[in-house]
1. Would you check which residues across segment A:109-129 are in a loop (DSSP other than H, G, I, E, B) and within 8 Å of chain B (Cβ to nearest Cβ) and list them?
2. With respect to B:Thr103, is the statement that it is touching a residue at least 12 places away in the same chain (Cβ under 8 Å), within 22 Å of B:Pro264 (Cβ to Cβ) and not aromatic (Phe, Trp, Tyr) true?
3. Of the residues in segment B:46-56, how many are surrounded by fewer than 19 Cβ atoms within 10 Å (Cβ to Cβ) and in contact with a strand residue (DSSP E or B) (Cβ under 7 Å, 6 or more places away or on another chain)?
4. Just one of the numbered conditions (1) under 18 Å from the mean Cα position of the chain (by Cα); (2) away from chain A (no Cβ under 14 Å); (3) in a helix (DSSP H, G or I) is not true of B:Val112; which one?
5. Report, ordered by the first and then the second residue, all pairs with beta carbons closer than 9 Å, sequence separation of six or more or different chains, a first member in segment A:227-243 that is within 13 Å of A:Ala74 (Cα to Cα), and a second member that is among the aliphatic types (A, V, I, L, M) and outside any helix (DSSP H, G or I).
6. Check whether at least one residue in segment A:181-199 is closer than 30 Å to A:Gly75 by Cβ and surrounded by 13 or more Cβ atoms within 10 Å (Cβ to Cβ), and report yes or no.
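The values are calculated or read from the model by the stated rules, or taken from the named source; none is laboratory data. These numbers come from a predicted model, not from an experiment. In this analysis, Cβ positions are derived from the backbone assuming ideal geometry, glycine residues included, and neighbour counts consider all displayed protein chains.
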Amino acid sequence: MPAVHNRVLSAAELDAFGNELDALRARHLATLGDADARYIRRVVAGVRWTGVAGRALLFLGAFVHSVLIPAWIAGVVLLALSKILENMELAHNVIHGQYDWMGDPQLQGSTYEWDIVGTADNWRKTHNFRHHTYTNVRGLDDDIGYGLLRIFPEQRWRPFYLTQPVVAVVFALLFEWGIAIQDLRLGRWFAGKITFRQLLAQARPVGRKMGRQMFKDYLLFPALAGPFFLPVLLGNVVANVIRNVWTYVVIFCGHFTADAETFPKECVRDESRGHWYLRQLRGSSNIAGGKAMNVMTGNLSHQIEHHFFPDVPANRYAAIAVEVKEICARYGQHYNTGSLPKQFGQVMWRIVRHAFPSRPARVKPLVTAEQGA
Amino acid sequence: MSALPRPAARRSSLSPRHWVSEELFDFWAGRVHPLWTLRRARARLVSRNAASADAVTLVLRPNRHFRGVAPGQHVNLGVEVDGRRLSRSYSPTLLDDGCLAITVKQVAGGKVSQHLAQHAQVGEVFELGQAFGEMTLAATPAARVLLLAAGSGITPMRALVRQMETAGMPVQVDLVYWAQQREAVCFADELADIAARHPGFRVHLALTRDQTAPAARVGDYDFSALGDLSSAQVMACGPGGFVDAANTRLQGRVATLQSEAFTPPVLPDAETGTVRVELRRSGRTLELPRGTSLLQALETEGLRPASGCRMGICNTCVCGKASGVTRHTLTGEYAAEPATQVKLCVNSASTDLILEL
């Protein structure tokens with residue numbers, strides 16, 4: 001693991017660090033306006049138009065056999081693009097409440113529902129609350145390996161993890177299904193802590209949502225093509241899988257790169273705001289790239305900024321990042337960023353390496369001892 | 001044309017509203033016609049005219065989801081200003097062609113009134129809430145009617161006067177209308193015309209800053225000139241102070257008294273003491289302390305609203321605020337805008353609040 005130098009902060013420095021980030025947040029919230037509203041509405045329009053164009057091309061290919069292959073490929077790409085844009089730049093950000101300030105009931109974080117098999121309600125709980133509050137805290141953030149993978153040496157090794165290079169690939173292909181059942185915490189049923197009946201009752205809303213999504217993508221639209229349903233059905237399957245793999249890659253790059261850290265439960269007890277910010281920084285990693293990368297990742301290319309300010313509109317992260325980098329440099333904190341191949345290469349190495357037994361390195365404290373909890 | 005709002009329509013299970021996502025439908029329908037939506041009532045600005053020196057009358061065409069309005073009622077209009085949808089109440093007059101006329105008085109520093117009075121272009125689309133308010137005339141009118149209006153409080157009265165005129169002015173109607181000076185009086189010609197046609201209708205202008213003879217405010221107004229009011233149905237609309245004074249003055253001396261007050265939010269002098277917080281969905285009203293986060297204050301009262309991080313980042317505790325002023329516990333900033341979202345864990349109540357909880 002490459003050695004990263006992070007200065008150990010004193011309690012006073014940690015407070016100042018937190019105050020600077022709070023001030024940065026306030027500066028951006030104070031200037032929200034027309035331009036931000038126009039941005040998210042352009043994203044909505046992008047989702048709708050790419051979606052309809054993708055579906056139209058799939059039908060074109062199904063009915064006009066001379067253009068089947070080019071139309072099918074273009075249709076799949078556009079439909080996947082639409083779903084990626086919807087899930088990442090629109091839904092993920094809207095569900096965080098980033099655009100609540102607009103007062104538009106259709107862009108409200110507490111009610112928005114997205115184009116994916118998981119329910120937005122589950123996501124609000126597992127992601128907005130647990131993952132964002134307890135980022136990379138072992139035992140509290142279920143996103144660490146999703147109960148399926150051993151990403152960090154601090155997770156206890158079991159022989160099952162020897163299979164994880166294969167499991168990780170299957171998980172990527174089916175990622176939306178993994179997200180959908182994350183809040184069911186099937187482990188509790190395996191362990192006999194809840195009955196099958198209780199599990200079913202909990203699963204009802206997500207079951208309904210899965211049914212609706214499958215009906216739309218795998219029944220309704222293929223059926224509209226009548227006898228030529230097959231290319232439409234396959235197109236929908238492939239578009240959904242492309243979306244799954246892409247979201248998996250982006251999300252794994254966010255917290256599982258080589259320098260990303262995990263934390264013990266004790267560190268969130270009576271946690272100060274500055275400490276919370278520092279933990280978000282140490283547990284997150286960015287993906288370097290231009291505007292296209294920002295849009296396609298739903299601005300999770302700015303995972304650090306997103307974790308500092310999950311409810312600030314994501315279209316501001318690129319500008320915020322300039323200041324965050326400068327603040328991190330002044331406080332001697334490593335700003336974890338790199339190209340997509342570099343970051344995902346580190347993720348893949350972790351998945352392979354920690355399939356085998358491994359021992360955690362000695363951890364340096366985040367703050368000096370007198371900080372105390 | 002019915003005077004009363006119609007109830008929400010019941011629709012068959014084949015109606016698209018049961019199987020189409022509202023966002024999807026509204027997006028594509030909106031490309032075809034700006035007023036087409038699945039459920040939401042919206043209205044389009046079709047014309048605008050000056051109503052007085054500082055007021056403008058806007059004529060709005062609502063879509064089919066708007067269920068109508070009775071004279072004297074109010075509607076909330078959602079107007080987008082600098083990316084934010086801001087909601088304000090207006091008392092519309094229902095025109096013969098189904099359009100709504102609202103009269104907006106420009107308020108210094110008022111984002112919505114200035115936008116509507118100066119910048120709103122014909123064709124602009126607004127969100128429209130369903131009508132609300134109890135200040136309506138009974139099917140069988142009282143022996144006589146007395147309407148008291150101050151400033152913008154004239155708008156529901158205008159609608160009520162027009163309703164009585166359509167009914168042939170069956171009872172004696174007196175309108176006392178307070179304004180600072182003549183230039184600020186709205187509907188002067190229209191009211192004078194109706195008075196000329198109907199001897200049963202009288203308008204009494206009370207100009208409080210008139211140069212020659214300033215009129216008395218409602219507390220000192222000489223109602224004796226209007227004759228015996230003991231059988232009168234009285235309606236009053238204006239700023240909070242005006243309505244309070246009218247109530248004190250006339251309570252018990254008239255048959256019935258209904259009032260509607262509009263008061264711009266006023267920031268508190270101190271962040272101590274308690275305020276009244278109405279929880280609209282559960283129908284409870286609580287006394288909660290200022291300076292304590294709403295989440296903590298509600299939990300102290302034994303309530304368990306949804307919550308998560310308790311530090312303002314996860315958005316789990318977010319809740320609609322219909323009215324009132326809240327204060328951010330970390331930044332100290334005040335939020336006075338009605339019909340917005342508030343995170344309970346990092347906001348405290350500064351004034352009386354109405355929450356969608």
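1. Our first condition is that a residue be in a loop (DSSP other than H, G, I, E, B); within segment A:109-129, this holds for A:109-119.
A:Gly109, A:Ser110, A:Glu113, listed by residue number.
2. yes
3. Qualifying residue count for the region: 6.
4. Tallying (1) under 18 Å from the mean Cα position of the chain (by Cα); (2) away from chain A (no Cβ under 14 Å); (3) in a helix (DSSP H, G or I), B:Val112 fails exactly one: (2).
5. Qualifying pairs under 9 Å: A:Pro231/A:Ala225; A:Val232/A:Ala225.
6. Applying the first criterion (closer than 30 Å to A:Gly75 by Cβ) to segment A:181-199 yields A:181.
After this cut, where a residue has to be surrounded by 13 or more Cβ atoms within 10 Å (Cβ to Cβ) as well, the list is A:181.
Yes, segment A:181-199 contains a residue that is closer than 30 Å to A:Gly75 by Cβ and surrounded by 13 or more Cβ atoms within 10 Å (Cβ to Cβ).
Residue by residue, here is whether (1) within 24 Å of A:Arg27 (Cα to Cα); (2) not hydrophobic (A, V, I, L, M, F, W, C) holds:
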position	(1), (2)
A:Ser272	yes, yes
A:Ile304	yes, no
A:Ala329	yes, no
A:Lys342	no, yes
A:Arg362	no, yes
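Okay, residues lined up against (1) under 18 Å from A:Thr119 (Cβ atoms); (2) not basic (Lys, Arg):
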position	(1), (2)
A:Trp177	yes, yes
A:Arg185	yes, no
A:Phe215	yes, yes
A:Leu219	no, yes
A:Gly226	no, yes
A:Phe229	no, yes
